[in-house]
Amino acid sequence: MNGTVRAVSGLATVVAALTASAGAAEPELVVARNGKTDAIVVVSPDAGLPETKGPGGQPARGADAKGTRNGEWLAAADLVKYVEMMTGAGTRLAATREEITTALKGSSPVLVVGEEALAAKPEWAKRVRAAAKKNPVLGADAIGLLREGNRVYLAGNNDEAHYFAVAELLWRWGCRWYIPTDFGECIPEAKSLTLGDLDYTYGPPFEIRGYWISWVGDNAGRPEFQRRNMMVTGSRGFPPAGHALGAYTKDAPGSKNTFNFPITAPETAAHVAGKIEPAFAKGQGVSISMEDGLYDSEYPGDVSLMKLQWDKYFMRWSVTDPMLELYNNIARTLQAKHPNSGGRLGFLIYANMTIPPVRKTKAEKSLFGMLAPIDIDPNHGMDDAESPPRQEYRDMLYQWAEIMEGRLAIYDYDQGMLVWRDIPNPSHQAFAQDVKHYRLAGILGVSTESRNAIATTFLNLFLRGRLMWNPDEDVPALLKEFYPRFYGPAAKPMETYWSAIYDAWADTIVTEHEHFAAPAIYTPELIESCRKSLEAAEKLVASLRRKSKPTRHEQQVLDRMKFTRTSFEIMDGYLGMARAAATDCDYKKAVQIGEKTLPIRESLTDWNGIFTTYRKMGERGPAWWPGEVEQYRGLLALTDGTKGRLVAKLPLEWAFRRDKKRVGAEKGYATQEVDLAYWNATRDKFTVKNRMVYPDEWEMLRTDLYAQAQGIRDPDRQSFTGDMWYRTEVELTAEQAAGKVHVMFPGLFNKARLYVNGQEAARRDFPAMWWHADYKFEWDVDLAGKLKAGRNTLALVANCEHHFGGMFRRPFLYALPGK
């Protein structure tokens, strides 16, 4: 039988279908109508109070209660709050034994919350508890919603779950919390609030569901937002897993430094175990997790284990086998000494310990691992054919799940684009796939490192919360209902606006992270599409702006349109700046756009601290947006006569050849005639998605976007690694060729060699992993005496060992003063 929960307004009716008990359908229970209600919310006198004031600023009922069940109290308080917000009718709160007894004797609607509901319906309480995940390691949640006559029972199997039960009812009545703080709160206005048949129990598959704010982000509204979106607010007994090992190994026998010590030496395990034994003996959780860096060792036992596998992600031998042996040895030592302590040891599966061990092994029972794939494609889901790295991560997940035997959690990153530019970085297209694998693998749950940074993450945390609660949640349906709730009359063009952005991320082949990838996703066409949609949306809310006293909902729509306009101007400004520099070598324009756009970002930060994170964190150096503007200012000085003058912009497109086996030098790629016959005949057949199968022939490639983003991949869709040959020609007059001429590669990854007119002119050293560079990525080569009047041939070979390759800013020739 189907039941209904309805919130009816003059604009819309929100109806959610439920599974009801067998039996005749009951008449609708009217909770509120036409601004009036006689409904009562019942909560135990023992429910704990987080504040000294209750709903509406009244003295909090149960203020002298002995309990500390804050979730239960907050559930009742929010139920009162939001019923009044929806209907204008204030429900009564019964929180003393006398009030509860009176309420239950009457005929008015009674909404019984938490322990009172469970106590009143013991058989139903068993069903609620039975809905929870079986045999939890840390603790599982379950909720129940039941209507019988004039009574509605709302409860969970623990204090936080009591709140989730109320949140479920409010959800069915149309309440949404899309973003922390009131900015993201969408509460419908209802003339009538009713309940039909209602009998629902549910338990989510994950014990851990939440996020924390890093990078000195703003925590405003986080606890409330998490509760309302079914997220757990604590670690639930999962042991700490932050970087900690260095404090224990720094004085271990044979230790050289934090990242180099005898990992598997018995003395090391004994040393670490001795330091943490007091805490473990008391049953406490302790982190023994690796520090934030890459490990090495010369200890013979470690070397033999490390050489079992090469970690291609971190360009060194994997330390998984030796490190897991260390952790197991520490755990065995402590478990043997304190078999009944219940102590837990947490560690990160991170950096060059991410790939599972080669040797078949199991983790000791006191070990709890958090898998943290920091450098594995954050843009695609595990089942996306465009991302072999993400499919590899899927395999790692299942292997680690088997090793950890139910004591594995995920530590992931949202925003996934770690060093970014305050422009949208949606992740639901990936997470919606991944969360199903997390459920199938039997992991404990997900703890996300977020920054809030709503200009970047927008709906990510909301959608993650819904998917962690129910991995089968219909994300397209959630998005479909979001636009009218959030943007009101501007819903349709704003759906077009955000759908264009989401489609671009869903369709991208970009598997890399950081701001250099932004132009590959935010194309000029996408920017113009968003501009038109935004302008159309603004026209639809123009009448609201002219109102002297807009309603709360109308003001929310205006604020959200202002946010989106500001967000768009940041997006448009950053991409305009990047293209002026990378495509046009117009550094004056790039600096002007940057100087204009950064204050817009400041205004967004001034408005609400949750919108960005950079201010408290600080932005120092070229990795960050102000540093990028400063870099362009320095390049401008080389071209505008301040320090040098522009001789020539080199071509935007260069001939290009892949050299997987690195044989191009002996084959004469620097000097041979470039044969583009195949390219010219077939270029229209190739797209960024199928260019991976391009044969061993010359082709053309832009210099303002790194190679992989243009489709330079291996046939199996892995990022191309190997040598990348670029060739171009430039005509110079005698005057241009003379003097102190330099070639500036303003954005170039990789080790490289430069040939000028067939002769090697320079070599560049560069770290294999690009993030160890200075984030300017410049290469300035002195060509004095190497150029000639007439045609000059330049050949660049970049040795790509990792997943960013080649040029991403157009090179140019400039001359310093003097002869």
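The values are calculated or read from the model by the stated rules, or taken from the named source; none is laboratory data. Given the structure is predicted, the values throughout are model-derived calculations rather than measurements. For neighbour counting, all protein chains shown are included, and Cβ atoms are generated from backbone atoms with ideal geometry for every residue, glycine included. Keep in mind that these areas ignore ligands, DNA and RNA; they rest on the heavy atoms of the full protein, side chains included. Shrake-Rupley method; radii C 1.70, N 1.55, O 1.52, S 1.80 Å.
A few notes on this one:
- Of the residues in the stretch 430-444, not one is under 20 Å from K133 (Cβ atoms), among the basic types (K, R) and either open to solvent by less than 10 Å² (accessible area, probe 1.4 Å) or in contact with a strand residue (DSSP E or B) (Cβ under 7 Å, 6 or more places away or on another chain) (or both).
Listed here are the residues, each with its yes/no results for (1) of a type outside the set (G, A, S); (2) part of a loop (DSSP other than H, G, I, E, B); (3) open to solvent by 60 Å² or more (accessible area, probe 1.4 Å); (4) modelled with pLDDT of 75 or more.
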site	(1), (2), (3), (4)
V14	yes, no, no, no
A17	no, no, yes, no
G23	no, yes, no, no
V31	yes, no, no, yes
D38	yes, yes, yes, yes
P50	yes, yes, yes, no
G67	no, yes, no, no
Y82	yes, no, no, yes
M86	yes, no, no, yes
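- Those helices (runs of 4 or more DSSP H) lying entirely in the stretch 490-568 with at least 2 residues among the charged types (D, E, K, R) and open to solvent by 50 Å² or more (accessible area, probe 1.4 Å): 491-507, 524-540
- Whichever residue in the stretch 758-768 is touching a residue at least 12 places away in the same chain (Cβ under 8 Å) and assigned to a loop (DSSP other than H, G, I, E, B) and, among such residues, is most open to solvent (accessible area, probe 1.4 Å): D765
- Qualifying residue in the stretch 350-361 (condition: out of contact with any Cys (no Cβ under 6 Å at 6 or more places or on another chain), under 20 Å from P136 (Cβ atoms) and open to solvent by 10 Å² or more (accessible area, probe 1.4 Å)): no
- A single member of T733, T703 is touching a strand residue (DSSP E or B) at 6+ places or on another chain (Cβ under 6 Å) and under 25 Å from L787 (Cα atoms), and it is T703.
- Members of the stretch 536-589 found to be among the polar types (S, T, N, Q), out of contact with any Phe, Trp or Tyr (no Cβ under 8 Å at 6 or more places or on another chain) and farther than 30 Å from K776 by Cβ, listed by number: S543, S548, T551, Q555
- Selection status of D296, closer than 19 Å to N257 by Cα, within 33 Å of the chain's Cα centre (by Cα) and not polar (S, T, N, Q): yes
- Test for F259: is it more than 22 Å from I403 (Cα to Cα), crowded, with 17+ Cβ neighbours inside 10 Å, under 32 Å from the mean Cα position of the chain (by Cα) and at pLDDT 95 or above: yes
- Among the residues making up the stretch 511-531, those that are of a type outside the set (A, V, I, L, M, F, W, C) and without any contact (Cβ under 8 Å) to a residue 24 or more places away in the chain are T523, E525, E528.
- Residues located in the stretch 769-803, provided they are under 14 Å from A752 (Cα atoms), hydrophobic (A, V, I, L, M, F, W, C) and either open to solvent by 60 Å² or more (accessible area, probe 1.4 Å) or in a strand (DSSP E or B) (or both): W779, V781, L794, A795, L796, V797, A798, C800
- The single residue among G747, G739 that is touching a residue at least 40 places away in the same chain (Cβ under 8 Å), open to solvent by less than 20 Å² (accessible area, probe 1.4 Å) and small (G, A, S) turns out to be G747.
- Sole residue being open to solvent by 10 Å² or more (accessible area, probe 1.4 Å), touching a helix residue (DSSP H, G or I) at 6+ places or on another chain (Cβ under 9 Å) and under 30 Å from G184 (Cβ atoms), chosen from A281, A241, A270, A220: A220
- Flag for E653 being open to solvent by 20 Å² or more (accessible area, probe 1.4 Å), in contact with a Pro (Cβ under 8 Å, 6 or more places away or on another chain) and at pLDDT 95 or above: no
- Given (1) closer than 26 Å to V30 by Cβ; (2) buried (at least 22 other Cβ atoms within 10 Å of the Cβ); (3) hydrophobic (A, V, I, L, M, F, W, C); (4) touching a helix residue (DSSP H, G or I) at 6+ places or on another chain (Cβ under 7 Å), index of the condition I100 fails: (2)
Listed here are the residues, each with its yes/no results for (1) of a type in the set (A, V, I, L, M, F, W, C); (2) at pLDDT 95 or above; (3) in a strand (DSSP E or B).
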| position | (1), (2), (3) |
| --- | --- |
| A681 | yes, yes, no |
| M692 | yes, yes, no |
| P695 | no, yes, no |
| M700 | yes, yes, yes |
| R717 | no, yes, no |
| Y726 | no, yes, yes |
| V730 | yes, yes, yes |
| H742 | no, yes, yes |
| R753 | no, yes, yes |
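- Candidate set from the stretch 375-419 (those that are within 11 Å of the chain's Cα centre (by Cα) and aliphatic (A, V, I, L, M)); member that is most open to solvent (accessible area, probe 1.4 Å): L418
- Filter pass, V113 being among the β-branched types (V, I, T) and open to solvent by 10 Å² or more (accessible area, probe 1.4 Å): no
- Matching entry among S304, S341, S289 (being surrounded by fewer than 24 Cβ atoms within 10 Å (Cβ to Cβ), in contact with a Phe, Trp or Tyr (Cβ under 7 Å, 6 or more places away or on another chain) and at pLDDT 95 or above): S341
- Positions within the stretch 576-627 being among the aliphatic types (A, V, I, L, M), assigned to a helix (DSSP H, G or I) and out of contact with any helix residue (DSSP H, G or I) (no Cβ under 6 Å at 6 or more places or on another chain), in sequence order: A582, L598, M617
- If the condition is being open to solvent by 10 Å² or more (accessible area, probe 1.4 Å) and either outside any helix (DSSP H, G or I) or without any contact (Cβ under 8 Å) to a residue 40 or more places away in the chain (or both), then the stretch 464-477 contributes N470, D472, E473, D474, P476, A477.
- Candidates Y200, Y211, Y248, filtered to the one that is of a type in the set (F, W, Y) and open to solvent by less than 30 Å² (accessible area, probe 1.4 Å): Y211
- Counting only strands (runs of 3 or more DSSP E) that fall entirely inside the stretch 129-246 and contain at least 3 residues that are over 25 Å from the mean Cα position of the chain (by Cα), the qualifying elements are 143-148, 151-156, 192-195, 199-202.
- In the stretch 79-95, the residues that are without any contact (Cβ under 8 Å) to a residue 40 or more places away in the chain reach residues that are open to solvent by less than 10 Å² (accessible area, probe 1.4 Å) and of a type outside the set (G, A, S) with C-beta atoms within less than 6 angstrom, at least six apart or across chains, in these pairs: V80/V41.
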